[in-house]
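Mind having a look at this structure? Questions to follow.
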Amino acid sequence: MERVLIVDDEENTRIGLSKLLSQNGYQTQAAADGLEALACLGQENIDLVITDISMPGMNGLDFLYELRKLYPGVKVVMMTAYGGVDSYLNSMNLGAFDYLNKPVKLRDLIAILERIFTSESTVTQ
């Protein structure tokens, strides 16, 4: 079962996404910010990170930059309520797999996860 780490400073978002993903067959963990997420990644085997861009302290782009240095193989989906071309381009340039605007639509998120995990299983076979 794939393990997904949800990183968002909004508790309701963490809880909601964790619940929805769990109901769709994913194991989830949650972190309130980038530093907590990096600590989780150091302790757990995580397949995918879903992170907000706008967070206090270490924002999502700074987190993605650090994540790429420490865990280059982990796939990342960025999400934001304040989307724009610049944040999209910065996310993609830092190696994000995809980018979603909030509020996140479950069908869009599940489609992205299926693309990620289907392409991984095809590559490893």
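Using the beta-carbon distance between Asn93 and Leu35 and R0 = 30 Å, what value does 1/(1 + (r/R0)^6) give for FRET efficiency, to the nearest 0.05?
0.85
What residues qualify as long-range amide H neighbours of Ile6, i.e. H under 5 Å apart, gap of 5 or more or another chain, H built at 1.01 Å from N?
Gln29, Ala30, Ala31, Ile50
Now, a different point. What's the extension gain from Arg68 to Tyr82 if we count 0.36 nm per residue and subtract their Cα-Cα distance?
Working: separation 14, 0.36 × 14 = 5.04 nm, distance 2.28 nm.
Length gained between Arg68 and Tyr82: 2.8 nm.
Let me ask something else about it. Less than 11 Å Cβ to Cβ from Asp52, Lys/Arg counted +1 and Asp/Glu -1: what total charge do the surrounding residues give?
Residues near Asp52 contribute -2 overall.
Evaluate E = 1/(1 + (r/R0)^6) for Glu11 and Arg107, where r is the Cβ-Cβ distance and R0 equals 25 Å; express this FRET efficiency to the nearest 0.05.
Values: r = 24 Å, r/R0 = 0.95.
Result of the calculation: an efficiency of 0.60.
Within the chain, which complete DSSP H helices have Cα atoms spanning at least 24 Å along the helix axis and a mean Kyte-Doolittle hydropathy of -0.5 or higher?
Sorted by number, the helices that extend far enough and score high enough are 106-124.
Can you give the local net charge around Tyr82? Use residues other than it whose beta-carbon is closer than 12 angstrom to its beta-carbon, Lys and Arg +1, Asp and Glu -1.
-1
So, one more: Amide H to amide H, which residues 5 or more places from Met58 or on other chains are under 5 Å from it, using H placed in the peptide plane?
When sequence neighbours closer than 5 places are left aside, the close amide H contacts are Gly34, Leu35.
Starting at the first residue of region 76-84, write each ³J(HN,Hα) from the Karplus equation 6.51 cos²θ - 1.76 cosθ + 1.60 with θ = phi - 60°, in whole Hz, x for Gly and Pro.
9, 10, 8, 9, 7, 8, 10, x, x
Are there trypsin sites (Lys or Arg not before Pro) in region 16-125 that DSSP marks as loop and that have at most 13 other Cβ atoms within 10 Å, and which are they?
Counting only loop positions with at most 13 other Cβ atoms within 10 Å, the trypsin sites (Lys or Arg not before Pro) in region 16-125 are Lys105.
Under the rule of at least 5 residues apart or a separate chain, name every residue whose amide H is placed under 5 Å from the amide H of Val76.
Val49, Phe97, Asp98
Give me the one-decimal Kirkwood hydrodynamic radius in Å for the chain, with the sum taken over alpha-carbon pairs. Can you show the working numbers first?
Numbers: mean 1/r = 0.0698 Å⁻¹.
It works out to 14.3 Å.
Would you order Met1, Met79 from fewest to most other beta-carbon atoms within 10 Å of each residue's own beta-carbon?
Met1, Met79
Read-outs throughout are calculated quantities, based only on the coordinates presented, and are distinct from any laboratory measurement. These numbers were taken from a predicted model, which means no experiment stands behind them. Virtual Cβ from ideal backbone geometry, glycine too; neighbours counted across all protein chains shown.
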